[in-house]
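Written out below as structure tokens is the structure these notes cover.
What follows draws every value from the coordinates through simple rules; no lab data is involved. Not measured: the values here are computed from a predicted model. Quick reminder, even Gly has a Cβ in these numbers, built from the backbone with ideal geometry, and neighbours come from all protein chains shown.
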Amino acid sequence: MKVLAIESSCDETSVAVVEDGRIVHSNVIASQIDTHKKYGGVVPEIASRQHVEAINTVLKEGLDEAGVSLDDIDVVSATKGPGLIGALLVGLSAGKTIALSKDKPFVGVNHIIGHVCANYISFKDLEPPFIGLIISGGHTYLIEVNDYVDFTLHGRTVDDAVGEAFDKVARSLGLGYPGGPIIDKLAREGKETIEFPRVMIKEDNYNFSFSGLKTAVLNYLNSTKLRGDEIVVEDVCKSFQEAVVDVLIEKTFRLAKEKKLDKIVLCGGVSANSRIREAFENKGEDENIKIYYPELKLCTDNAAMIASAAYYLYKSGNVDEKNFANPNLGL
């Protein structure tokens, strides 16, 4: 079964053709990151306009790279949420139009679940059940993946997403956007440890909070400047990143042990962070829990992961007939 998918939830316009949920024939991504860098973050109206400009070109490239025509496609899919409403509407409208014109079934996909499915592409033998940690610029979720279309939400951020905290800290340090890769790089050079809080690490739930950590970093920077002391950016990056890692590790492994599951799946843009990967692998070896995370090109937003999710939704019959764009779609 060949699924044509469109992803346009934020600042990447992507089209992919994926067979049986795991075999990628094409995965074309047009990124807007250079456009949004000058603003220090994604500007929704600009993102929507660039999706409109890019969608037809990316669609053609996706079909050409896969060596197929629209007539060869079995199912059409697109991201229906969460995301920026104007951006979502571009991909969703394109997908519905193709499906209607070619008399193909259409499947709207939850972007969050798409991130989980990126691992099915990277690991052909991966099967549920497992614990899933979705960490990105807009989302932080800790879930139990019972089956391909059955998920139990155990925790989520109560304020900033983890990737959002990386971006805000990077901005306060004058490091530019996006902040995650820059902090990851500089943190490797840090030597001294600054004591930042591990927010909610011991609370009897699986929720996260990163706003307090971000504020602690800002307070440290301001107080250090007022004293006239030197700010060592590398040390700040290292200490901030370790505070994030400690909380993610503690809660994710606690849930895995509670549910007696021996697989943890990381996904989302922040799962590309080298320190997070290293820490989870080390802890996984100690606890005899297998750690999975997608190859780098599948960590950020892409249509291949949407196609994979659509395949399992369609096969299960778990398809929303309305498929409205929903910027606040959750689990």
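Springs join every pair of Cα atoms under 10 Å in this Gaussian network model of the chain, and among Lys257, Lys225, Lys214 the largest mean-square fluctuation is at Lys225. Considering only beta bridges that DSSP places wholly inside the chain, some 60 percent are antiparallel. Of all DSSP beta bridges confined to segment 128-296, the antiparallel ones make up roughly 60%. Filter the DSSP H helices in the chain by two things, a Kyte-Doolittle mean of at least -1.0 and an axial alpha-carbon span of 27 angstrom or more, and list the hits by number. Sorted by number, the helices that extend far enough and score high enough are 44-66, 233-258. Summarising the label geometry, the points placed 7 Å from Cα in the beta-carbon direction at Glu19 and Lys259 lie 3.2 nm from one another. Partners of Lys60 within straight-line reach, counting aspartates and glutamates whose Cα lies under 20 Å from its Cα and excluding those fewer than 8 residues away in the same chain: Glu7, Asp11, Glu12, Glu19, Asp71, Asp72, Asp74, Asp103, Asp301. The chain has equivalent-ellipsoid semi-axes of 35, 23, 16 Å, by the square roots of 5 times the alpha carbon gyration tensor eigenvalues, sorted largest first. In the chain, helices alone account for a calculated mean residue ellipticity at 222 nm of -14500 deg cm²/dmol, with every DSSP H run of four or more residues adding -39,500 (n - 2.57). When peptides 179-189, 74-84, 319-329 are sorted by average Cβ neighbour count within 10 Å, with the highest value leading, the order is 74-84, 179-189, 319-329.
Here the relative contact order of the chain, from alpha carbon pairs under 8 Å that lie six or more residues apart, stands at 25 percent. Modelled spin labels at Glu189 and Ile33, positioned 7 Å past Cα toward Cβ, are 1.9 nm from each other.
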